[in-house]
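**Student:** If you scroll down you'll find the structure; I have some questions about it.
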Amino acid sequence: MMTFQDWLKETLDPDQIRDLAEHGAAAGFPGLTYYKETNALYDRFEDEIWQALEDDAEAFGFKTPLELIASFNGAKDVHGDSQFRNLLVWYLAERIAHLAEDIEPEEAEAE
């Protein structure tokens, strides 16, 4: 079964993943640009998104995942389900891109 991380690595090259970590998903990346795309990703990876939200909410001291979501850049601009789903997909994409960026230098040293 493919994870969101698998999808991200299959869809974006390493430079794009670094740019995603640095500039955020709003900068525009393949598969992460249109609501049609991000809503399909939400449907596909909903459980994984919510698990990450629960983990991060606990790790960062929020009482609930919704409290965490309210703190996201762009949360104030959400006025419907498509925008909400888009925000959560962007959250997971950026989260994974940041983690990949943190892991990458160690992998390079091992080679």
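The values are calculated or read from the model by the stated rules, or taken from the named source; none is laboratory data. A quick note: this is a predicted structure, and the numbers were derived from the prediction, not measured. As a convention, Cβ positions derive from the backbone with ideal geometry for all residues, glycine included, and neighbour counts pool all protein chains shown.
**Student:** I'd like the full set of residues that are touching a helix residue (DSSP H, G or I) at 6+ places or on another chain (Cβ under 9 Å), in a loop (DSSP other than H, G, I, E, B) and under 26 Å from LEU66 (Cα atoms), limited to segment 6-32.
**Tutor:** GLY24, PHE29, GLY31, LEU32
**Student:** Do any residues in segment 57-82 that are touching a residue at least 12 places away in the same chain (Cβ under 8 Å) and closer than 25 Å to ALA40 by Cβ have Cβ atoms under 7 Å from those of residues that are exposed (fewer than 12 other Cβ atoms within 10 Å of the Cβ) and hydrophobic (A, V, I, L, M, F, W, C), where the two are at least six apart or on different chains, and which pairs are they?
**Tutor:** LEU68/PHE60
**Student:** Residues in segment 52-73 that are surrounded by 14 or more Cβ atoms within 10 Å (Cβ to Cβ) and either of a type outside the set (A, V, I, L, M) or in a loop (DSSP other than H, G, I, E, B) (or both): how many? Break it down into steps so the answer makes sense when it comes.
**Tutor:** Our first condition is that a residue be surrounded by 14 or more Cβ atoms within 10 Å (Cβ to Cβ); within segment 52-73, this holds for 52-54, 56-57, 62, 65, 68-69, 72.
Next, only the ones that are either of a type outside the set (A, V, I, L, M) or in a loop (DSSP other than H, G, I, E, B) (or both) stay: 54, 56, 62, 65, 72.
Summing the residues that are surrounded by 14 or more Cβ atoms within 10 Å (Cβ to Cβ) and either of a type outside the set (A, V, I, L, M) or in a loop (DSSP other than H, G, I, E, B) (or both) in segment 52-73 gives 5.
**Student:** If you don't mind, there's one more thing I want to ask. Does any residue of segment 13-24 turn out to be at positive phi and either among the small types (Gly, Ala, Ser) or touching an Asp or Glu at 6+ places or on another chain (Cβ under 8 Å) (or both)? So that I can check it myself, show each step before the final result.
**Tutor:** If we filter segment 13-24 for residues that are at positive phi, which is where we start, we get 24.
Now drop any that are not either among the small types (Gly, Ala, Ser) or touching an Asp or Glu at 6+ places or on another chain (Cβ under 8 Å) (or both), which leaves 24.
Yes: one or more hits.
**Student:** In addition: Could you check segment 8-45 and list, in sequence order, the residues that are within 17 Å of GLY80 (Cβ to Cβ), of a type outside the set (Lys, Arg) and either exposed (fewer than 14 other Cβ atoms within 10 Å of the Cβ) or touching a strand residue (DSSP E or B) at 6+ places or on another chain (Cβ under 8 Å) (or both)?
**Tutor:** Result: TYR34, ASP43.
**Student:** Same structure, new question: Considering each residue of segment 74-99, count those that are in a helix (DSSP H, G or I) and on the phi > 0 side of the Ramachandran plot, and give that number. Outline the logic, then answer.
**Tutor:** Step one: list which residues in segment 74-99 are in a helix (DSSP H, G or I), which gives 75-77, 81-99.
Keeping just the survivors that are on the phi > 0 side of the Ramachandran plot gives none.
Qualifying residue count for the region: 0.
**Student:** When you go through (1) modelled with pLDDT under 95; (2) over 12 Å from the mean Cα position of the chain (by Cα); (3) closer than 19 Å to PHE4 by Cβ one by one for ALA75, which number turns out not to apply?
**Tutor:** Answer for ALA75: the failing condition is (3).
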